[in-house]
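Down below is the structure, laid out as structure tokens.
The values are calculated or read from the model by the stated rules, or taken from the named source; none is laboratory data. Source: prediction; values computed, not measured. Please note: Cβ atoms are built from the backbone with ideal geometry, for glycine as well, and neighbour counts cover all protein chains shown. Surface accessibility is based on the protein's heavy atoms, side chains included, excluding ligands, DNA and RNA. Shrake-Rupley method; radii C 1.70, N 1.55, O 1.52, S 1.80 Å.
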Amino acid sequence: MLRQLRIENLVLARDVLLDFAPGLNLITGETGAGKSLITGALALACGARGEAALVRQGTRRAVVEALFDLSRRPDLVEKLHRSGYSASGDEMLIRREIGSDGRSKALLGGSPVTVALLREITGDLVEVHGQHEPQALFQPETQRDLLDRAGDHDRLLTDVRRTAALVRELDARLSDLRERARARESRIEILQFRLAEFDRVRPEAGDEERLRVERERLRHAEEIGTAIQAAIEAIYEGDEAAHDRIHAAARRIRAQGSRDEEFIELAERLDDVRAQIAEITGDLRAQAEALAPDPARLEQVEERLHALERLRRRFDGAPTEDIIASAEAMRRELEELSGQDEEAAVLAADLDSQLEAYARAADKLHQARVRSAERLARSVGELLAGLAMEKARVRIEVEYEPPRPGQASEALPAGRDKVEFLLQANPGEPARPLRKVASGGELSRVMLALDIALEGRLARRTLLFDEVDQGLGGEAADRLASFLQRVAESHQVISITHLPQVAACAARHIHVSKKVRAGRTVAVVRSLEDEEDRVEELARMIGGKMVTDTARRHAEAMLASATSFKETP
């Protein structure tokens, strides 16, 4: 609630300090005395536009300070923290400065704050209802919220928000998966291409070394064959072949064995050499047979080596063993990537299911809103009849637009309803949206009726009414006083009034008048604490400038009656 308001050099107000009560605060004064200064100052503190014309002539700047008690609004304390500001205990101090050059500055708890953020923070704390003030009630979101509070739709709203959140989460996951799928498809193409290259070559460990050896043998087959034949001639087939000569030597040495057994052993060793020569000769002949010139095979070997070299370059020059290991790893990765398509299909099915659940929840909420709209419109209409708007009719339209299949972006947290409050002020005229037909006084009464119809379901805040009693009198004035008191049980109410019946009910009565001091007109604002002062002001409101004893007695009776009413449980 608003605890204190200080105004300095704002139009006619030179230096004003006001304390406000928690309940009903009423502002009275003669026409043109400057009562709207208070509403204008509070609007500035809450982020209304500031202009140089508001600065008192001859001064450099106008200042408005508003001190709020947030002890019953922990949600706003938390909102301040989230915005990077903190309350001093449970208090929030707003300071607004407007220079004579038109420049404006706003401070929140001593720290600079943008006017936009100031409006956001105070948007659910203060409502200013007047002829020239922007009306929160005009906003479709506000009207929808009021309807939901009237119908106690918390459970249905929770279901809609929960399913909407699930839809958004699944849609985000699916979008991420599809984004990754595009990257995955590109990766799959790369893997498939590289594996195709690998599979065309199919290298094996030791391939290159073996093929290089074979290539050398094929390239030099004649030279190698000649060398082999010469070796065979030298060791086995020639006239002077080593095989025959060793055989003859072994025979001679063996003949000496009768003289010394060691010669027999030596002869046997020579026989072993001769056997080895025979074995080597067989191997040389096998090599010679395999060395027949084969140009076709040489071409195959050359092509195979070139293919292996190209594959090596594709794999950054890695050894064949590493290339084979990389190919196996790529096959495993390809298998894993291919399996993710199933995950996307499951996720898409879950999303479709949640979209259907959202549509059902949104439809249930819509049906409840339609029923609540009828009740709330009827209740507000009945209340307006007591405020001299007997012919007025209120209608609340609830237009439902079902979400299109598969459109996750249409799963809105507050449902799919467009809510519009309409007012038919006079018979025979069409019902029109409030923003198009309601005057400041009419709108203030509609808001007052809504607050009563909602029976305290709205968070505690400060309601400032200007012109709410315009055109009222008699029994309607008494009802207005009763209505304001009822609303003040749940909210802090600040209202400008011209009706003594209303002023008599004030928990705090503030009087505004104009005085000329030192040749300058100033607004004098003071709180009427003494009963005598209140009686005098009520008498003035009853009888005009000429206050009579009869008016004073009438004023005393009004105060007594209002006090009695307040004390009656």
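Details
- A search for C-beta distances below 6 Å between a residue of the stretch 102-131 that is of a type in the set (S, T, N, Q) and any residue that is assigned to a helix (DSSP H, G or I), counting only pairs 6+ apart in sequence or on different chains, returns Gln131/Gly440.
- Among the residues of the stretch 265-273, none qualifies, meaning not one is open to solvent by less than 70 Å² (accessible area, probe 1.4 Å) and within 26 Å of Val301 (Cα to Cα).
- For the residues Asp124, Asp75, the requirement of being outside any helix (DSSP H, G or I) and modelled with pLDDT under 90 singles out Asp124.
- A count restricted to the stretch 230-254 and to residues that are among the small types (Gly, Ala, Ser), open to solvent by 40 Å² or more (accessible area, probe 1.4 Å) and touching a helix residue (DSSP H, G or I) at 6+ places or on another chain (Cβ under 8 Å) stands at 1.
- Subset of the stretch 45-76 (residues that are open to solvent by less than 30 Å² (accessible area, probe 1.4 Å), over 17 Å from Gly34 (Cβ atoms) and basic (Lys, Arg)): Arg73
- You will find that of Arg310, Arg369, the residue that is of a type outside the set (A, V, I, L, M) and over 30 Å from Pro427 (Cα atoms) is Arg310 and no other.
- The condition of being at negative phi and without any contact (Cβ under 8 Å) to a residue 60 or more places away in the chain holds for only one of Lys364, Lys391, Lys418, that being Lys391.
- Ala275 being among the aliphatic types (A, V, I, L, M), out of contact with any helix residue (DSSP H, G or I) (no Cβ under 7 Å at 6 or more places or on another chain) and over 30 Å from Met330 (Cα atoms): yes
- For the stretch 24-57, residues that are within 19 Å of Thr122 (Cα to Cα) and either free of Cβ contacts under 8 Å to residues at least 60 places away in the same chain or not in a helix (DSSP H, G or I) (or both) total 8.
- Within the stretch 439-472, being surrounded by fewer than 21 Cβ atoms within 10 Å (Cβ to Cβ) and on the phi > 0 side of the Ramachandran plot holds for Glu455, Gly456, Gly471.
- Each residue in the stretch 422-437 was checked for being assigned to a strand (DSSP E or B), open to solvent by less than 40 Å² (accessible area, probe 1.4 Å) and either closer than 11 Å to Arg393 by Cα or charged (D, E, K, R) (or both), and 2 pass.
- Just one residue in the set Ser527, Ser495 is closer than 30 Å to Arg457 by Cβ, touching a residue at least 12 places away in the same chain (Cβ under 8 Å) and either touching a Leu at 6+ places or on another chain (Cβ under 9 Å) or of a type in the set (A, V, I, L, M, F, W, C) (or both); that residue is Ser495.
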